[in-house]
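*Asks:* Please find one structure pasted underneath; my questions will follow.
What follows draws every value from the coordinates through simple rules; no lab data is involved. Predicted model, so just to flag it, every value in this text is computed and none were measured. With ideal geometry, Cβ positions are generated from the backbone for all residues, glycine too; neighbour counts draw on all protein chains shown.
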Amino acid sequence: MCGIIGYIGENKAKPILINGLLRLEYRGYDSAGIATIEKDEIKTIKNKGRVKNLNDIEEINSLKGTIGIGHTRWATHGKPSSINSHPHADNTNCFSVVHNGIIENYSDLKEFLKSRKYKFLSETDTEVIPNLIHFNYQNSDETGDTKFLKAVVDTCKMLKGSYALEVISSAHPNNMIVVRKDSPLVIGKGLNENYISSDIPAILSFTKDFYILNDLEFAYISRNNIEFYNEDLEKIHKDFQNITLDTSSTEKDGYPDFMLKEINEQSKSVRETIGSRISSSSKTIISDLNINKKFLKTINKIYIIACGTAMHAGLTAKPIFESLCEIPVEVEPASEFRYRNPIITQNTLCLFISQSGETADTIAALKLAKSKNSKTIAISNVVGSSITREADYTVYTHAGPEIAVASTKAYTSQIVLLAIIAIYFAEILDKNSTKINELKNDILLLPSNIEEVLKDTEKIKAFAKRIYKEKDIFFIGRGIDYTVAVEGSLKLKEISYIHSEAYPSGELKHGPIALIENDVTVVSILTNRLLLEKSISNIQEVVTRGAKTFIVTNQELNDDFDEVINIPKTNYLISPVLSVIPLQLLAYYISKEKGLDVDKPRNLAKSVTVE
Ligand code: M6R
């Protein structure tokens, strides 16, 4: 988590840093800070809370330096406070550092430095870094610029954990050093100026030419030059990539929040995901996935590994793969998978889903699968992100930038893409052609069906008004509808702070029904005609105990319920793409009723780059 920004050039750094931090705030918003070099002295200003709090400090306008680093924090070590905010300096204020990641051996390093009379002001893991750089700098025989570079390289050799770092020094006021290990960092190349950022969109309005740093590549940056080195201080060559993205997609476009904009964009994002990959008359083409029949025939298990909402997309994809490809699928949270010894052979195919492509647990799980010789496929929304560089194959969702912390359009695009991949595999394997043709037609109709669902949101808004003060809300469904219940429940929790549980409808009576009492809300998803009667019985069981019901369905219902949201009929396997939308909107409107910050819920960050 945490967002990092840097600038070195001919203009004042402060406005550029603040602009970048505002764009990176989705990565964490516990505190923010910047440091610039003013007349060979490092000046640091930081504050608890949002970037706005930092920018409100009057003194910040006096910063005139043309080199600077900035940070927006998601607290790991040390509570959110001004003192724990980045940048952190060494005891002499000669080196200043911003850091995204976790230094796992920071206590040992702190002891090492304390025994050499270094003092610590904060509770962070980061503060050891500028002090170690100072220590290594003081003890180096090098001279000139190499001395600065070597001190940073030597420091990184002492660090265990993950980091993206920017370092400036008052002794080298025209240079900045940046490096990454298991945390993202990109460098934007300008004319007589260079930009550094945790992600591309934050600096895309300044430049289109990007160097994507790999682990333990060190960049020595001045305003008109960038040199790259490896850990052995050997110069390495890197090419920049020209990235074209529509920056307007990172604006709110008149919507009050990114989340509402992104919910409403789903027809477009799903259309982009489909692209020209499927058509009703020809075989599916996934140009980046060059998999042949001989190989696919050897696959006897598919793992789908991801976190949070991306994992929920995986849960939905399991029955799609199993019914079309007839290969068993296991879905697992990356944070669990990475720390056990999963049975993976060369006949196991592992799919990793990550909107950001930077989720630490997902990257680690991918590395584990690769180490066991499994073929790996990354599904990501962010071009060039870490998982896409690690995996054997990458397929992009093309959903467009997702800014709101609560994932919406990325989720629906992930399901659609997974369905397309399942179809692609089944076609290669010559399996289930009738099922596939029906499914393809319904996938092609999804964009217009999404528009249909989004047409009338008044009933959802009114229901949100009715229930926003509740303490517990339940979500139930059977089969694929249960996977949507889980996602609906997560959406509600993360942006409304209402406790919620998702259960397979048939499981309620095995315990959770004890929690159902008068006026508790139960949200139910009903899209499987074959299970309709069973599911209705489960709903009646909670109604009998006094529950209020909010039902999302594409079936004809004879019974009366408190609120019924009808969605268009579609193939059962992809019904989650439609049925989740009312749940996204319900969570959104409840959060708005409560007056909460929908896009930046407390304690969360968009990209979880620490484990
Ligand atoms: O970027 P990723 O898809 O890897 O992110 C995974 C989760 O952190 C993410 O889906 C999270 O659960 C969202 N806040 C859900 O809305």
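*Asks:* At 7 Å along Cα-to-Cβ for each site, give me the label-to-label distance between Lys12 and Lys431 in nm.
*Replies:* It is 6.3 nm.
*Asks:* If I take all pairs of Cα atoms in the range 456-597, what percentage of them are more than 20 Å from each other? Provide the component values of the computation, followed by the final result.
*Replies:* On the way: 3919 of 10011 pairs.
Value for the range 456-597 (Cα pairs over 20 Å): 39 percent.
*Asks:* Give me His499, His77 ranked fewest to most by other Cβ atoms within 10 Å of their Cβ, as a rough exposure proxy.
*Replies:* So the ranking, lowest neighbour count to highest, is His499, His77.
*Asks:* Continuing with the same structure: Modelling each spin label as a point 7 Å along the Cα-to-Cβ direction, I'd like the Leu596/Ser107 distance in nm, to one decimal.
*Replies:* So the two model labels end up 3.4 nm from each other.
*Asks:* Per 0.36 nm of contour for each residue apart, how much would the distance between Asn93 and Lys283 grow if the chain were fully extended, relative to their Cα-Cα spacing? It would help to have the intermediate numbers written out before the result.
*Replies:* Working: separation 190, 0.36 × 190 = 68.40 nm, distance 6.26 nm.
Full extension from Asn93 to Lys283 adds 62.1 nm.
*Asks:* May I ask you to compute the full-extension gain from Lys64 to Thr345, defined as 0.36 nm times their residue separation minus their alpha-carbon distance, rounded to one decimal in nm?
*Replies:* Working: separation 281, 0.36 × 281 = 101.16 nm, distance 5.78 nm.
Here the answer is 95.4 nm.
*Asks:* Fewest to most neighbouring Cβ within 10 Å: what's the order for Asp519, Asp481?
*Replies:* Lowest to highest Cβ neighbour count: Asp519, Asp481.
*Asks:* Go through 439-450, 129-140 and give me the packing order, highest mean Cβ count within 10 Å leading.
*Replies:* Details: 439-450: 19.7, 129-140: 21.4.
Result, highest mean Cβ count within 10 Å first: 129-140, 439-450.
*Asks:* Ok, one more. What FRET efficiency comes out for Lys117 versus Met158 if R0 is 22 angstrom and r is the Cβ-Cβ distance? Round to the nearest 0.05. Each step should come with its number before you reach the end.
*Replies:* Values: r = 18 Å, r/R0 = 0.81.
Approximately 0.80, to the nearest 0.05.
*Asks:* Which shape class, rounded, prolate or oblate, goes with the range 10-109 when its Cα gyration tensor gives a ≥ b ≥ c as root eigenvalues, a/c under 1.5 marks rounded, and past that a/b bigger than b/c marks prolate? Don't skip to the end; give the middle numbers.
*Replies:* On the way: a/c = 1.90, a/b = 1.25, b/c = 1.53.
Cα axes put the range 10-109 in the oblate bin.
*Asks:* In the structure displayed, which of Lys48/Lys594; Lys367/Lys431; Lys318/Lys509; Lys52/Lys147 lie more than 29 Å apart, Cα to Cα? Spell out each step's value before the answer.
*Replies:* Working: Lys48/Lys594 24 Å; Lys367/Lys431 31 Å; Lys318/Lys509 25 Å; Lys52/Lys147 37 Å.
As for pairs spanning more than 29 Å Cα to Cα, those are Lys367/Lys431; Lys52/Lys147.
*Asks:* Let me ask another. Quick check: Cα centre of the range 316-364 to Cα centre of the range 570-611, how many Å?
*Replies:* Cα centres, the range 316-364 to the range 570-611: 23 Å.
*Asks:* Also, I was wondering about something else. Over its Cα atoms, what ratio of radius of gyration to 2.2 N^0.38 Å does the chain give? Can you show the working numbers first?
*Replies:* Details: Rg = 25.6 Å, N = 611, 2.2 N^0.38 = 25.2 Å.
Scaled against compact globular proteins, the figure is 1.02.
*Asks:* In addition: Could you tell me the center-to-center distance, by alpha carbons, between the range 376-399 and the range 23-47 in angstrom?
*Replies:* One Cα centre to the other: 31 Å.
*Asks:* If we count other beta carbons within 10 Å of each Cβ, what is the order of Val577, Val405, fewest first? Before the final figure, lay out the partial values.
*Replies:* Values: Val577 30, Val405 21.
Neighbour counts put them in this order, fewest first: Val405, Val577.
*Asks:* A further question on this structure: Modelled label-to-label distance, Leu454 and Glu142, 7 Å Cα→beta-carbon offset: nm?
*Replies:* Rounded to a tenth, the inter-label distance reads 5.2 nm.
*Asks:* Does the range 248-454 come out rounded, prolate or oblate by the C-alpha gyration tensor, with a ≥ b ≥ c the root eigenvalues, rounded set by a/c under 1.5 and, if not, prolate when a/b is larger than b/c and oblate if not? Mind showing how you got there, number by number?
*Replies:* On the way: a/c = 2.01, a/b = 1.20, b/c = 1.68.
Taking the square roots of the gyration eigenvalues as a ≥ b ≥ c, the range 248-454 is oblate.
*Asks:* Same structure, new question: Compute the FRET efficiency between Lys370 and Ser323 as 1/(1 + (r/R0)^6), taking r as their Cβ-Cβ distance and R0 = 30 Å, and round to the nearest 0.05.
*Replies:* Working: r = 28 Å, r/R0 = 0.94.
E(calc), rounded to 0.05, equals 0.60.
*Asks:* Oh, and also: Roughly speaking, what is the centre-to-centre gap between the range 441-513 and the range 199-228 when only Cα atoms are used, to the nearest Å?
*Replies:* First find each Cα centre; the distance between them is then 42 Å.
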